[in-house]
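These notes concern the structure reproduced below.
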Amino acid sequence: MDEAGFFGRERERMIQEQIVRRGVHDARVIDALWRVARHAFVSPEQRTEAYADRPLPTGGGQTISQPFIVALMTSLLDLRGDETVLEVGTGSGYQAAVLSLLAERVVTIEALPDLADSAAARLARLGFANIRGITGDGTLGYAALAPYQGMLVTAAAPSPPGPLLDQLDDGGRLVIPIGGPGEQDLQVWQRHGDRFVVRSEGPVCFVPLRGEFGWGKEEWE
Ligand code: SAH
């Protein structure tokens, strides 16, 4: 079998066994997962593992999230295609690529310059034109392109950063893991005027969110 055939079969199996079987049935999300070559977002040594049911290292102690978590968080945003979406924690760029197929524009912020640079180069090479990569502290959001109709934070936060809540559009949703080391609660914060309706989507496990409104070095061991 050629390489494209191998990765295509792996991706199909990932979608059936990890995504559909566990309850994500949104056809647009599934189509986006099918269209993004996850193996292009991992190191060459890990390409054959790219579709496995777990997170993988991206360098600097960071990870590319488990496929099911990417699918779940994406489906929780309930995107229609005309949104501007903010992602905090670019990492490999995989989640941003998936979002870019479901929204009008994606702004993604990464704190570690090496990761931000390699993700930007990879996304450009793969032809994802509607993604704006920013290097910096994502807990501050990115006011220049606000408001956002959807926001995804792909690192564990002590609480939802104020600037992100401020930059969320009326009716928009922020999907964010809240909690400390070990296990966090995946929460959806939906804005209704000045109020936020919060719901919990169950336990997840992420690396820490750093920065001004993230976890400090001593707080997260
Ligand atoms: N979404 C990524 C995986 C993210 S892992 C993917 O699809 O591959 C979490 C990422 O959040 C790490 O790369 C980490 O460096 C980054 N991060 C942590 N705190 C941050 C902050 N305050 N601002 C921006 N990025 C941050």
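Any read-out appearing in this document is the output of simple, stated calculations on the displayed coordinates, not a laboratory observation. This is a predicted model, so every value here is computed, not measured. Here the Cβ positions follow ideal geometry from the backbone for every residue, glycine too, while neighbour counts run over all protein chains shown.
With surrounded by 15 or more Cβ atoms within 10 Å (Cβ to Cβ), among the charged types (D, E, K, R) and out of contact with any Phe, Trp or Tyr (no Cβ under 7 Å at 6 or more places or on another chain) as the only criterion, which of ARG132, ARG125 stands out? Result: ARG132 is the single residue among ARG132, ARG125 that is surrounded by 15 or more Cβ atoms within 10 Å (Cβ to Cβ), among the charged types (D, E, K, R) and out of contact with any Phe, Trp or Tyr (no Cβ under 7 Å at 6 or more places or on another chain). Considering only residues of segment 188-210 that are within 20 Å of GLN95 (Cβ to Cβ) and either aliphatic (A, V, I, L, M) or touching a Leu at 6+ places or on another chain (Cβ under 7 Å) (or both), which is surrounded by the most Cβ atoms within 10 Å (Cβ to Cβ)? Across segment 188-210, the extreme among qualifying residues is LEU209. Of SER92, SER75, all but one fail to be within 12 Å of the ligand (Cβ to nearest atom) and either buried (at least 22 other Cβ atoms within 10 Å of the Cβ) or not in a loop (DSSP other than H, G, I, E, B) (or both); the exception is SER92. State the number of residues belonging to segment 43-72 that are hydrophobic (A, V, I, L, M, F, W, C) and in a loop (DSSP other than H, G, I, E, B). Residues in segment 43-72 being hydrophobic (A, V, I, L, M, F, W, C) and in a loop (DSSP other than H, G, I, E, B): 2 in total. Residue-level analysis places THR63 outside the set of residues that are more than 19 Å from ARG22 (Cα to Cα), away from the ligand (no atom under 14 Å from the Cβ) and polar (S, T, N, Q).
Picking from ILE134, ILE109, which residue would you name as being in a strand (DSSP E or B), within 9 Å of the ligand (Cβ to nearest atom), in contact (Cβ under 8 Å) with a residue 24 or more places away in the chain and over 14 Å from the mean Cα position of the chain (by Cα)? Break it down into steps so the answer makes sense when it comes.
Details: ILE109 fails: over 14 Å from the mean Cα position of the chain (by Cα).
Result of the check over ILE134, ILE109: ILE134.
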